[in-house]
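Here is the structure we will look at, set down as structure tokens.
The values are calculated or read from the model by the stated rules, or taken from the named source; none is laboratory data. Model, not experiment: these values are computed from the prediction. Positions of Cβ are generated from backbone atoms using ideal geometry, with glycine treated the same way; all protein chains shown enter the neighbour counts.
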């Protein structure tokens, strides 16, 4: 086998650092079942877990965890923009660092609101 072919195959086997086994899925139809999620995402490999959002703020979202990282990559590549129930799925890799940043921002906003209330400061125009 020529060396150039061998090198290109090595490069194709590399997985980008942002790829994880856990996927975050948004824009899911509210009436979809967990079994249907297993059917859709199971086409790309073995699934360890599917967790569907069930309260007001998480409905329409889910986490899908694959057994193998390559299966997760295949699912993202093929299911991002996939039409399910007249909705286009948004499939991304779960990024805990990004979620932590959102939580920190919410905490800071709460602290700011408490301080504004404590000192009688209002940001509304009078």
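Taking the listed residues 30, 82, the one that is over 22 Å from residue 14 (Cα atoms), modelled with pLDDT under 95 and touching a helix residue (DSSP H, G or I) at 6+ places or on another chain (Cβ under 9 Å) is 82, with no other qualifying.
Residues in the range 96-126 that are surrounded by 11 or more Cβ atoms within 10 Å (Cβ to Cβ) and at pLDDT 80 or above: 112, 113, 116. Out of contact with any helix residue (DSSP H, G or I) (no Cβ under 8 Å at 6 or more places or on another chain), closer than 30 Å to residue 14 by Cβ and at pLDDT 85 or above: is that true of residue 93 in this structure? Here the answer is no, as residue 93 does not meet what is asked. Going through (1) surrounded by 12 or more Cβ atoms within 10 Å (Cβ to Cβ); (2) closer than 17 Å to residue 86 by Cα; (3) free of Cβ contacts under 8 Å to residues at least 12 places away in the same chain one by one, residue 26 falls short only on (3).
Residue 41 meets each of the listed conditions (1) touching a helix residue (DSSP H, G or I) at 6+ places or on another chain (Cβ under 9 Å); (2) touching a residue at least 40 places away in the same chain (Cβ under 8 Å) apart from (2). Within the range 34-59, the set of residues being under 21 Å from residue 95 (Cα atoms) and buried (at least 16 other Cβ atoms within 10 Å of the Cβ) comprises 37, 41, 44, 45, 47, 50, 52, 53.
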